[in-house]
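Student: One structure, as structure tokens, below. Some questions next.
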Ligand SMILES: N[C@@H](CCC(=O)N[C@@H](CS)C(=O)NCC(=O)O)C(=O)O
């Protein structure tokens, strides 16, 4: 069975967006059986975990044959080789889905996570306050472009793919702001993705890990 490495030591601000949700959701969409192993803060820097994830981050997965994969985008792409739900077989559709997964993880997530870093983990309050408006403008520019690209389609590739897992999860990292609200196309897209039974199972289990820790 696949092992998913997740964690439950983050504060309430991060519940729902810690990146194991991406791997959980992909595993659920693909219908692949998995067991979850929780890694504590100290566990991230042990040699055993660094052998699985060189940077000591969450998520990682280890497959039945011992193959370890880290980085949420890589996990979604890799699981896509086992499920056409995540990654279409058609050459062009597959290439575009891959491009969207990379765009979510780089072009969007770079700006979105920088905003999260400023808002939740301030390093230098004055410097952060100075750059925040610029980061917000970059995020807004990306959201406007994404809205245009999505158009009236339900999902990025028309039908659901792993690209929607990555994109919705990145957009969700803006939930502490009102930046997505002016884009009804995007809020409807996020709701549509969240209504999927696989997402609901993944989110239920993701949040249950925090409830267990708090109990
Ligand atoms: N680009 C990586 C980011 C991984 C990452 O930063 N994960 C966070 C959880 S959302 C983490 O492990 N934080 C624990 C820490 O940095 O100590 C991915 O998408 O997998």
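The values are calculated or read from the model by the stated rules, or taken from the named source; none is laboratory data. Only a predicted model underlies this, so the values are computations on that prediction, with no experimental measurement involved. Every residue, glycine among them, receives a Cβ derived from its backbone with ideal geometry; neighbour counts consider all protein chains shown.
Student: Kindly establish whether residue 93 is more than 15 Å from the chain's Cα centre (by Cα), closer than 27 Å to residue 183 by Cα and away from the ligand (no atom under 15 Å from the Cβ). Reasoning before the result, please.
Tutor: On the way: more than 15 Å from the chain's Cα centre (by Cα): yes; closer than 27 Å to residue 183 by Cα: yes; away from the ligand (no atom under 15 Å from the Cβ): yes.
It is true that residue 93 is more than 15 Å from the chain's Cα centre (by Cα), closer than 27 Å to residue 183 by Cα and away from the ligand (no atom under 15 Å from the Cβ).
Student: With (1) modelled with pLDDT of 95 or more; (2) surrounded by 17 or more Cβ atoms within 10 Å (Cβ to Cβ); (3) within 12 Å of the ligand (Cβ to nearest atom); (4) outside the structural domain of residue 150 (by TED's automatic domain parsing) as the list, and residue 104 as the residue in question, which single condition is left unmet?
Tutor: Result: residue 104 fails condition (4) only.
Student: Of the residues 75, 52, which single one is within 11 Å of the ligand (Cβ to nearest atom) and either surrounded by fewer than 21 Cβ atoms within 10 Å (Cβ to Cβ) or in contact (Cβ under 8 Å) with a residue 40 or more places away in the chain (or both)? Steps first, answer last, please.
Tutor: Working: 52 fails: within 11 Å of the ligand (Cβ to nearest atom).
Sole residue among the options that is within 11 Å of the ligand (Cβ to nearest atom) and either surrounded by fewer than 21 Cβ atoms within 10 Å (Cβ to Cβ) or in contact (Cβ under 8 Å) with a residue 40 or more places away in the chain (or both): 75.
Student: Given (1) within 16 Å of the ligand (Cβ to nearest atom); (2) in contact (Cβ under 8 Å) with a residue 60 or more places away in the chain, identify the lone condition not met by residue 85.
Tutor: (1)
Student: Let me ask you something else. Only one residue in 36, 17 is more than 8 Å from the ligand (Cβ to nearest atom) and not assigned by TED's automatic domain parsing to the domain that holds residue 174, so which one is that? Steps first, please.
Tutor: Working: 17 fails: more than 8 Å from the ligand (Cβ to nearest atom).
Every option except 36 fails the conditions.
Student: Any idea how many residues of the range 55-67 are more than 12 Å from the chain's Cα centre (by Cα) and within 13 Å of the ligand (Cβ to nearest atom)? Spell out how you get there, then give the answer.
Tutor: Of the range 55-67, the ones more than 12 Å from the chain's Cα centre (by Cα) are 55-57, 60-67.
If we keep only those that are within 13 Å of the ligand (Cβ to nearest atom) as well, we get 55-57, 60-61.
Residues flagged as more than 12 Å from the chain's Cα centre (by Cα) and within 13 Å of the ligand (Cβ to nearest atom) within the range 55-67 amount to 5.
Student: Restricting attention to the range 143-150, does a residue exist that is crowded, with 19+ Cβ neighbours inside 10 Å and either in a helix (DSSP H, G or I) or not assigned by TED's automatic domain parsing to the domain that holds residue 28 (or both)?
Tutor: Taking the range 143-150 as the starting set, the residues that turn out to be crowded, with 19+ Cβ neighbours inside 10 Å are 143, 146.
Next, only the ones that are either in a helix (DSSP H, G or I) or not assigned by TED's automatic domain parsing to the domain that holds residue 28 (or both) stay: 143, 146.
Yes, that holds for at least one residue.
Student: I'm trying to understand the selection: among the residues of the range 156-192, which are more than 16 Å from residue 105 (Cβ to Cβ), within 14 Å of the chain's Cα centre (by Cα) and part of a helix (DSSP H, G or I)?
Tutor: Once the filter is applied, which keeps residues that are more than 16 Å from residue 105 (Cβ to Cβ), within 14 Å of the chain's Cα centre (by Cα) and part of a helix (DSSP H, G or I), the range 156-192 yields only 190.
Student: Regarding the range 27-39, can at least one residue be identified that is at pLDDT 95 or above, farther than 22 Å from residue 199 by Cβ and crowded, with 16+ Cβ neighbours inside 10 Å?
Tutor: Within the range 27-39, the subset at pLDDT 95 or above is 27-39.
This time we only want the ones that are farther than 22 Å from residue 199 by Cβ, so: 39.
With crowded, with 16+ Cβ neighbours inside 10 Å added as a condition, the list becomes 39.
Yes, the range 27-39 contains at least one residue that is at pLDDT 95 or above, farther than 22 Å from residue 199 by Cβ and crowded, with 16+ Cβ neighbours inside 10 Å.
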